[in-house]
1. Among what's in the range 38-88 and is part of a loop (DSSP other than H, G, I, E, B) and charged (D, E, K, R), pick the residue that is surrounded by the most Cβ atoms within 10 Å (Cβ to Cβ).
2. Please tell me if G167 is buried (at least 16 other Cβ atoms within 10 Å of the Cβ) and modelled with pLDDT under 95.
3. If you scan the range 138-157, which residues turn out to be polar (S, T, N, Q) and crowded, with 16+ Cβ neighbours inside 10 Å?
4. D62 fails exactly one of the following numbered conditions: (1) of a type in the set (D, E, K, R); (2) touching a strand residue (DSSP E or B) at 6+ places or on another chain (Cβ under 6 Å); (3) modelled with pLDDT of 95 or more. What is the number of that condition?
5. For the range 71-100, give me each residue that is farther than 29 Å from L61 by Cα and under 12 Å from the mean Cα position of the chain (by Cα).
6. Out of all the residues in the range 89-132, which are in a loop (DSSP other than H, G, I, E, B), of a type in the set (A, V, I, L, M) and free of Cβ contacts under 8 Å to residues at least 40 places away in the same chain?
7. Kindly indicate the residue of the range 133-156 that is in a loop (DSSP other than H, G, I, E, B) and among the aliphatic types (A, V, I, L, M) and also farthest from the chain's Cα centre (by Cα) among those meeting that condition.
8. Please tell me if W91 is surrounded by 16 or more Cβ atoms within 10 Å (Cβ to Cβ), within 23 Å of I175 (Cβ to Cβ) and of a type in the set (F, W, Y).
Amino acid sequence: MRAILFAGRIALILAFVASIANASPLDSGQVEVLDGDTIRIGETRIRLVGIDAPETDQRCLDRAGKLWLCGIAAREAVSGLVANRPVRCQWSGMDIYGRMLATCWVAGENINRWLVRQGLALAYIKYSREFVEDEKQARDATRGMWSGAFIAPWDWRTRTRVTPVLGSSVSGTSIESLLEPRRRAYLPRAGTTRLWTC
């Protein structure tokens, strides 16, 4: 009985993978940006494959040591890039949360790659090495999160007091400075500094 159930599950997975491999890219209608690496087109939730953007509640330090809302900034950057324009996505699988994994483009710009090059996402090397060089460019140019100090998004989700801190301003930066709940943080916007209490 177990063998039959297992074979049935394998058949379903193979059928799904085959349908994805043969699927044509999705041209979007209405795009909703859920966070820095997740969008929704219609009822389909799409996880940008090969990258990991900061969580919406994640905070980083800028080069001056000021706390900023890097997770919200990543989400807002994607919203600004998309700007109600059509998004095209090429599926590559499904994650454990039921989201489609995809590489997406807007006006010819690869959104996954753009986020990493801006320093607003990291190459998610646990799953793909496609964006490693883009991350190196952002790190070398100290763009986005790389300009200060931050916790890798995959570590932020399970952070402890010994979680490593990354970035160009790591020297002397304690993890507590990124986790302190009452410290004020800002959201960078085109030419403005907006303070938020986290």
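The values are calculated or read from the model by the stated rules, or taken from the named source; none is laboratory data. Quick caveat: nothing in here was measured; it's all calculated off a predicted structure. As a convention, Cβ positions derive from the backbone with ideal geometry for all residues, glycine included, and neighbour counts pool all protein chains shown.
1. Quick first cut of the range 38-88, residues part of a loop (DSSP other than H, G, I, E, B) only: 42-43, 49-50, 53-59, 62-66, 69, 83-86.
Add one more test, that the residue is charged (D, E, K, R), and what stays is 43, 55, 57, 59, 62-63, 66, 85.
Numbers: E43: 5, E55: 20, D57: 11, R59: 24, D62: 21, R63: 13, K66: 15, R85: 11.
Restricting to residues being part of a loop (DSSP other than H, G, I, E, B) and charged (D, E, K, R), the top hit is R59.
2. Taking the combined requirement at face value, the residue satisfies it.
3. Hit for the range 138-157 is S147, nothing else.
4. With (1) of a type in the set (D, E, K, R); (2) touching a strand residue (DSSP E or B) at 6+ places or on another chain (Cβ under 6 Å); (3) modelled with pLDDT of 95 or more applied to D62, the lone miss is (3).
5. From the range 71-100, those farther than 29 Å from L61 by Cα are 84-100; that's our starting set.
If the condition is that a residue be farther than 29 Å from L61 by Cα and under 12 Å from the mean Cα position of the chain (by Cα), then no residue fits.
6. Within the range 89-132, I96, A107, I125 qualify.
7. Ranking the candidates gives A141 first.
8. Here the answer is no, as W91 does not meet what is asked.
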